[in-house]
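S.K.: Sharing a structure below in structure tokens format, with a few things to ask.
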Amino acid sequence: MKAHLLARPAAWLPPALAALAVAALAGLPFLALAPNRLVPGSPVGCGLLGAAAGALALLASGLLAGPARPWRSWAAVAAALAAWIALVVGAGQGAAGLLAGQPPAARAALGAGAWLAGLALAVLLAEAVRAVLPRRGGLVAALLLVGVTILAGRAGLLDALSLAVEYRAREQALATAFLQHLGLAGGALGLALAVSGPLALLHLRDGPAARFADGLLNGIQVVPALALFAGLVAGLSGLLALVPALRSLGLAAIGPTPAVIGTAAYLGLPLVRGLAAGLAAADPDVLAAARAMGLTPRQMLLRVRLPLGAPVLIGALRVAAVQSIGLATLGGLVGAGGLGAVVFEGMAQFAQDLILLGALPVIALALAVDAGLALLAGPGTDDAIRIQGETA
């Protein structure tokens, strides 16, 4: 029971989330009916299922805010999940009702009320699950949310939503873009780690070379992304003109090469600072004892510095991995493909749903990678990320 009490969310948070969901459903458009995919739609309020979602959210918040009892926490999870199901099904069926009798080009899109209420319900469910599963509550809640949404989509309950229509038209292209995005983000992270590791070791000596590297990495951070990517395209074009043999290695001025290099450049500073902080986390007395035992610098690195600094090191990796996924979106500007290309195509066409089809997977992928690394490393990495922010 004591552990259960410690897992309770802040008393004000569940009622605030439920109030936000109810206010969004009552005061903001739940859906929007438009004559085609490119023009704004007319706002439409939520139906009975939307109202049921708000009522279930209030029930879940009341259960969480009351006395700590295991049955109350499980009931809150059930109520919050039922609220999400009602919201998802209500949106899909509401869209189907709006499109009945409309021309084929008509679209029914999610409104601001549905998005805001969905966000509030997602956080409410996460808080409810954390009350019974403190360590893995966020991950379990995310799996429940995604699983319910996928099941509703597979059952055809969401087919009328414009987002689903856009997805069906570009399903194969989106799968390819997703894989390209993974390749860009992974390649940039790998390149950044290969460069940042030696620089972090150099940082421990705090000599002129380390200060020069710090200055260079700090300078990159203030360069606008568009300017950096444009400069890389121009620089690579000049380099390939001088050394055409580099093209045989797969290098090109347009495509993945500038995207990976540019993204890796932005990851350098947080990685070097985080890795250096992790390597310096060992207590000086421990390092002195290791030297007295006759350990070489390499042995001290592998047996002392890396194990003791692991939470900070993995915290730095979490930050860099999430940044890499987000920054790889800019690869669409230089012909690298990925989900960024989908986002920029949607922006060029003023197609909101196409923008969301590119942006939502990026957000989901970043959250999944962060949660996976946190689960792999344990709870200590949250403190490590805070330490890294203080040292940056």
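Residue-wise test of (1) within 27 Å of A213 (Cβ to Cβ); (2) open to solvent by less than 20 Å² (accessible area, probe 1.4 Å).
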{"position": "I261", "(1), (2)": "yes, no"}
{"position": "A264", "(1), (2)": "yes, yes"}
{"position": "A277", "(1), (2)": "yes, no"}
{"position": "A289", "(1), (2)": "no, no"}
{"position": "R305", "(1), (2)": "yes, no"}
{"position": "G309", "(1), (2)": "yes, yes"}
{"position": "G326", "(1), (2)": "yes, no"}
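S.K.: With the structure loaded, tell me whether A53 is among the small types (G, A, S), under 23 Å from V129 (Cα atoms) and either in contact with a strand residue (DSSP E or B) (Cβ under 8 Å, 6 or more places away or on another chain) or open to solvent by 60 Å² or more (accessible area, probe 1.4 Å) (or both) or whether it fails that test.
M.R.: So A53 does not fit the description; no.
S.K.: Another question about this same structure. So which of A142, A131 ends up being of a type in the set (A, V, I, L, M), modelled with pLDDT under 95 and within 24 Å of G340 (Cα to Cα)?
M.R.: Step by step, each of A142, A131 is checked, and only A142 is of a type in the set (A, V, I, L, M), modelled with pLDDT under 95 and within 24 Å of G340 (Cα to Cα).
S.K.: Going by the structure shown, is V334 under 28 Å from G111 (Cβ atoms) and modelled with pLDDT of 90 or more?
M.R.: no
S.K.: Any residue in segment 92-103 that's in the same structural domain as L151 (by TED's automatic domain parsing): show its pairings with residues that are open to solvent by 50 Å² or more (accessible area, probe 1.4 Å) at Cβ separation under 7 Å, as long as the two are six or more apart or on different chains.
M.R.: Within 7 Å, the pairs are G92/L157; Q93/L49; Q93/L157.
S.K.: Just to be sure, is A200 out of contact with any Cys (no Cβ under 7 Å at 6 or more places or on another chain) and open to solvent by less than 40 Å² (accessible area, probe 1.4 Å)?
M.R.: It is true that A200 is out of contact with any Cys (no Cβ under 7 Å at 6 or more places or on another chain) and open to solvent by less than 40 Å² (accessible area, probe 1.4 Å).
S.K.: So, in segment 231-256, exactly how many residues are part of a helix (DSSP H, G or I) and either under 23 Å from the mean Cα position of the chain (by Cα) or touching a residue at least 40 places away in the same chain (Cβ under 8 Å) (or both)?
M.R.: Summing the residues that are part of a helix (DSSP H, G or I) and either under 23 Å from the mean Cα position of the chain (by Cα) or touching a residue at least 40 places away in the same chain (Cβ under 8 Å) (or both) in segment 231-256 gives 3.
S.K.: Continuing with this model, one more query. Name the helices (runs of 4 or more DSSP H) wholly within segment 1-71 that hold at least 2 residues that are modelled with pLDDT of 85 or more and under 30 Å from M347 (Cα atoms)? Even if it seems obvious, please write down each step before you answer.
M.R.: On the way: elements: 2-6, 13-27, 48-65.
Per the criteria, 13-27.
S.K.: Of (1) out of contact with any His (no Cβ under 7 Å at 6 or more places or on another chain); (2) farther than 12 Å from L25 by Cβ; (3) of a type in the set (A, V, I, L, M, F, W, C), L48 satisfies all except one. Which?
M.R.: (2)
S.K.: A further question on this structure: Need the failing condition index for A126 against (1) within 18 Å of the chain's Cα centre (by Cα); (2) open to solvent by less than 40 Å² (accessible area, probe 1.4 Å); (3) farther than 17 Å from L56 by Cβ, just the number.
M.R.: So A126 meets the others, but not (3).
S.K.: Tell me, please, whether a residue that is over 24 Å from P40 (Cβ atoms), of a type in the set (G, A, S), assigned to a helix (DSSP H, G or I) and out of contact with any Phe, Trp or Tyr (no Cβ under 6 Å at 6 or more places or on another chain) can be found in segment 342-363.
M.R.: No, there is no match, as no residue in segment 342-363 is over 24 Å from P40 (Cβ atoms), of a type in the set (G, A, S), assigned to a helix (DSSP H, G or I) and out of contact with any Phe, Trp or Tyr (no Cβ under 6 Å at 6 or more places or on another chain).
S.K.: Right, S73: within 28 Å of the chain's Cα centre (by Cα) and either among the hydroxyl-bearing types (S, T, Y) or open to solvent by 30 Å² or more (accessible area, probe 1.4 Å) (or both) or not? I'd like the intermediate steps shown before the answer.
M.R.: Working: within 28 Å of the chain's Cα centre (by Cα): yes; either among the hydroxyl-bearing types (S, T, Y) or open to solvent by 30 Å² or more (accessible area, probe 1.4 Å) (or both): yes.
Here the answer is yes, as S73 does meet what is asked.
S.K.: Being assigned by TED's automatic domain parsing to the domain that holds G262 and open to solvent by less than 50 Å² (accessible area, probe 1.4 Å) is the requirement here; does L356 meet it?
M.R.: yes
S.K.: List, please: which pairs have Cβ atoms under 6 Å, are six or more places apart or on different chains, and start with a residue in segment 285-297 that is without any contact (Cβ under 8 Å) to a residue 40 or more places away in the chain and end with one that is in a helix (DSSP H, G or I)?
M.R.: Short answer, once both residue conditions are applied: A290/M300; A290/V304.
The values are calculated or read from the model by the stated rules, or taken from the named source; none is laboratory data. Model, not experiment: these values are computed from the prediction. When we count neighbours, we look across all protein chains shown, and the Cβ atoms used for this are built from the backbone with ideal geometry, even at glycine. Note: accessible area is taken over every heavy atom of the protein model, side chains too, but ligands, DNA and RNA are not part of it. Shrake-Rupley method; radii C 1.70, N 1.55, O 1.52, S 1.80 Å.
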